[in-house]
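Here's the structure, in structure tokens; my notes come after.
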Amino acid sequence: MQNGQEPAQNAPRTIVYSTPGGVSLTLDLYRPARPGPLPVVMLVHGGGWCLGSKVGAEYARHFTAAGYLAADVEYRLAPGHLFPASCQDVQAAAQWLAAHVHEYGGDAARLGAYGASAGAHLVAWLAVQANTPLKCAVAWAGPMDMTRTPVTHPYRGYALAFMGACQRDDPEAYAAASPMTQVSAAMPPLLLIHGQNDDVVPHEHAVWMQEAARRVQAPVEIIVLPGVGHTGGNPQDPLHQAGWQGMFDFYARHLG
């Protein structure tokens with residue numbers, strides 16, 4: 001053990017949390033080797049809503065090393081499953097954790113979330129929903145307003161695959177998919193981390209979200225990282241350190 005960090009269990013526990021349309025969706029629980037009940041962070045991977053499965057063991061263990069029970073979640077991917085399928089899946093995962101994580105040494109009263117890129121969009125969307133089980137969330141490099149160029153060329157195909165229609169054909173769906181349109185004073189604390197040089201999801205998304213939050217006194221914070229592009233954070237990169245430190249300071253304040 002180094003720097004006061006706790007060792008994690010060697011292997012995750014994989015659990016089916018939902019079966020929408022007969023599709024079995026799983027989450028992997030990584031638990032530090034320490035007594036519970038532990039604060040919990042739900043991890044949601046990126047990949048343009050179209051790619052990926054989970055963040056994986058190496059990334060999850062950055063959270064267990066900090067003392068959190070990490071729940072690494074999969075969700076249905078576009079274009080086979082259009083909005084709001086993936087949003088509903090992360091919501092179902094959070095609801096499952098709220099109901100069952102105590103069985104695995106977690107504290108449902110201290111449930112947070114982390115997501116990067118498309119995963120950041122999903123956790124922010126979940127945070128702004130009424131009756132969300134989240135106590136806080138961190139969204140790293142995610143699109144917050146789907147109505148204003150959520151991703152740049154040549155990545156726009158991902159957003160179109162996720163939404164299933166152009167904005168002019170379904171403006172209500174684009175508004176419903178935008179966390180920014182749903183901020184409120186009642187939402188849990190949300191931290192936005194974004195690279196200032198992001199050429200995939202412009203960092204203005206974080207700025208727009210914070211501006212919208214200020215108008216309604218919603219608890220949204222922002223960290224903009226100079227010289228950083230599109231990323232979910234690399235703990236070994238000095239340019240990302242302010243994001244990692246800010247994230248774990250944020251979790252410590254809101255989850256303990």
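Bear in mind these aren't lab numbers, they're just calculated from the coordinates by the rules spelled out. None of these values were measured; they are calculated from a predicted model. Positions of Cβ are generated from backbone atoms using ideal geometry, with glycine treated the same way; all protein chains shown enter the neighbour counts.
³J(HN,Hα) across the stretch 100-106 via Karplus (A = 6.51, B = -1.76, C = 1.60, θ = phi - 60°), whole Hz, x for Gly/Pro?
10, 5, 4, 5, 10, x, x
Dividing the alpha-carbon Rg of the stretch 1-141 by 2.2 N^0.38 Å yields what?
Working: Rg = 14.1 Å, N = 141, 2.2 N^0.38 = 14.4 Å.
My calculation over the Cα atoms of the stretch 1-141 gives 0.98.
Mind jotting down the three principal axis lengths of the chain based on Cα atoms? Whole angstrom, largest first.
Here the Cα extents, ordered largest to smallest, are 52, 44, 33 Å.
Positive end of the dipole of the chain, charges at C-beta (+1 Lys, Arg; -1 Asp, Glu), about the Cα centre: which of THR26, GLY52, VAL101 has its Cα farthest in that direction?
Going by the Cα projections, it comes out as VAL101.
Which net charge results for the neighbourhood of VAL220, defined as the other residues with beta-carbon distances under 15 angstrom from its beta-carbon, given Lys and Arg at +1 and Asp and Glu at -1?
Values: positive: LYS135, ARG214, ARG215, ARG253; negative: ASP145, GLU204, GLU211, GLU221.
Within the 15 Å Cβ shell, the charges total 0.
Summing +1 for each Lys or Arg and -1 for each Asp or Glu, what net charge is found among the other residues whose Cβ lies under 14 Å from the Cβ of LEU160? Mind showing how you got there, number by number?
Working: positive: ARG156, ARG168; negative: ASP169, ASP170.
Every neighbour counted, the sum reads 0.
Whose amide H sits under 5 Å from the amide H of SER18, counting only residues 5 or more places off or on another chain, with H placed in the peptide plane?
For SER18, the qualifying residues are LEU25.
Relative contact order of the chain, please, whole-number percent, based on alpha carbon pairs below 8 angstrom and at least 6 residues apart.
Details: 588 pairs, mean separation 42.3, N = 256.
Relative contact order, the chain: 17 percent.
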